[in-house]
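The values are calculated or read from the model by the stated rules, or taken from the named source; none is laboratory data. Given the structure is predicted, the values throughout are model-derived calculations rather than measurements. Cβ placement follows ideal geometry from the backbone for every residue including glycine, while neighbour counts extend to all protein chains displayed. Heavy atoms of the whole protein, side chains included, go into the accessibility calculation; ligands, DNA and RNA do not. Shrake-Rupley method; radii C 1.70, N 1.55, O 1.52, S 1.80 Å.
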Amino acid sequence: MAFSQEDLAIMETIIKRYPRPRSAIMPLLHFVQSRAGYVTNEGIEIIAQQLELAAAEVTAVSTFYTQYKPTPVGEYHVGVCTNTLCAIMGGDEIMGALKDHLGIENDGVTADGKVSLEHIECNAACDYAPVVMANWEFYDNQTVQSAKDLVDSMRAGNPKPPTRGPNTLVTWKQASEVLAGLNDGRANEGVQAGGPTLLGLKIAKGETK
């Protein structure tokens, strides 16, 4: 896909946030992923040109981190934790059930392009096992049936809200924009969200009791 002048202007804005331009590689990868749904060769080349790097340097980053996809994924990318605790608590059963339910294998995409499926080693949420993620949002304490209901809601175009964080689940491309640093106005959504605070900084400085 071709990148517009507006896209290039956004990329320049992202780069200017960092004291060293090459530090913008990761948000730029998220941004190019937000346009095509995955990291294209053209996206790699554009980033390399913007940062005055070799394309191989950008490729090395994009292939190291699993959040960057080399091929298209679904509008909703579902990751099922299959690490030890989640597996014991039902993650393996959920993964197997979703493969059968969706008619796809690991790393597969449904024919309608709505849902893709990936087994995840760890979602860093063992206290809520078994955990399913969709476009990087958490769905805690899942069962086979709740996971099936979840992907069905995505295919119907009305995805269930995450169990924590924002009240809504955005598409994969929209989530990639957020990870690139583009504000979507949802930062204060959800029961656990709140306004910005300097409490952590004050505690670190010993300014609170």
Problem - Global geometry of the chain, whether rounded, prolate or oblate, following the gyration tensor of its Cα atoms and the 1.5 cut on a/c - result: oblate
Exercise for the section: Treat every Asp and Glu Cβ in region 13-70 as -1 and every Lys and Arg Cβ as +1, leave all other atoms uncharged, and give the resulting dipole magnitude about the Cα centre to the nearest 20 debye. Expected result: 260
Fill in the blank from the handout: Given unit charges at Cβ for Lys, Arg (+) and Asp, Glu (-), the dipole magnitude of the chain about its Cα centre in debye, nearest 20, is 740
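Considering only DSSP beta bridges whose two residues both sit in region 1-157, what percent are antiparallel, to the nearest 5? Walk me through the numbers before you get to the answer.
Values: 7 of 13 bridges.
If we restrict to bridges inside region 1-157, about 55 percent are antiparallel.
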Exercise for the section: Show ASP92, ASP7, ASP127 ordered by accessible area, largest first, where the area counts protein heavy atoms only and the probe is 1.4 Å. Expected result: ASP127, ASP92, ASP7
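Near GLY96, within a Cβ-to-Cβ distance under 13 Å, what is the net charge of the other residues, with Lys and Arg +1 and Asp and Glu -1? It would help to have the intermediate numbers written out before the result.
On the way: positive: LYS99, LYS148; negative: ASP92, GLU93, ASP100, GLU105.
Residues close to GLY96 contribute a combined charge of -2.
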Completion exercise
In terms of the charge dipole of the chain, which places +1 on Lys and Arg and -1 on Asp and Glu at the beta carbon, the residue among CYS122, LEU28, ILE46 farthest towards the positive end is LEU28
Fill in the blank from the handout: Averaged per residue, the 1.4 Å probe accessible area of the chain, protein heavy atoms only, in Å², is roughly 54
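Taking a temperature of 20 °C and a viscosity of 1.002 mPa s, what whole-number D in µm²/s does Stokes-Einstein yield for region 85-192 with Rh from Kirkwood over alpha carbon pairs?
Working: Rh = 14.5 Å.
In µm²/s, the coefficient is 148.
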Handout entry: Entries of LYS16/LYS205; LYS148/LYS173; LYS16/LYS202; LYS16/LYS160; LYS173/LYS202; LYS114/LYS160 with Cα pairs more than 26 Å apart
Key = LYS16/LYS205; LYS16/LYS202; LYS16/LYS160; LYS173/LYS202
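Let's see if you can work this out: charge +1 on each Lys and Arg Cβ, -1 on each Asp and Glu Cβ, no other charges. What is the dipole magnitude of region 25-131 about its Cα centre, in debye to the nearest 20?
Values: 4 positive and 14 negative charges, 34 e Å.
With only Lys, Arg, Asp and Glu charged at Cβ, the dipole is about 160 debye.
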Fill in the blank from the handout: Amide H contacts under 5 Å for ILE120, restricted to residues at least 5 apart in sequence or on another chain and with H modeled in the peptide plane, are VAL80, CYS81, THR82
Exercise for the section: Determine, for each peptide in 158-166, 52-60, the mean count of other beta carbons within 10 angstrom over its residues, then list the peptides with the highest first. Expected result: 158-166, 52-60
Practice task
Specify which residue in the list MET133, LEU102, GLY157 is farthest towards the positive end of the charge dipole of region 87-177, using unit charges on the beta carbon of Lys, Arg (+1) and Asp, Glu (-1), about the Cα centre.
Solution key: GLY157
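Is the C-alpha gyration tensor of region 7-59 telling us rounded, prolate or oblate? Criteria: a/c under 1.5 is rounded; beyond that, a/b larger than b/c is prolate, otherwise oblate.
Working: a/c = 1.82, a/b = 1.20, b/c = 1.51.
Because a/c hits 1.5 or more and a/b fails to exceed b/c, region 7-59 counts as oblate.
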Completion exercise
The correct pair for region 1-119, radius of gyration to one decimal and Dmax as a whole number, both in Å and from Cα atoms, is 17.2, 50
Practice task
Keeping all protein chains in position, work out how much accessible area CYS81 exposes to a 1.4 Å probe, and write it in Å² to the nearest 10.
Solution key: 10
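On the protein heavy atoms, probe 1.4 angstrom, tell me the percent of accessible surface of region 77-150 carried by carbon and sulfur.
51
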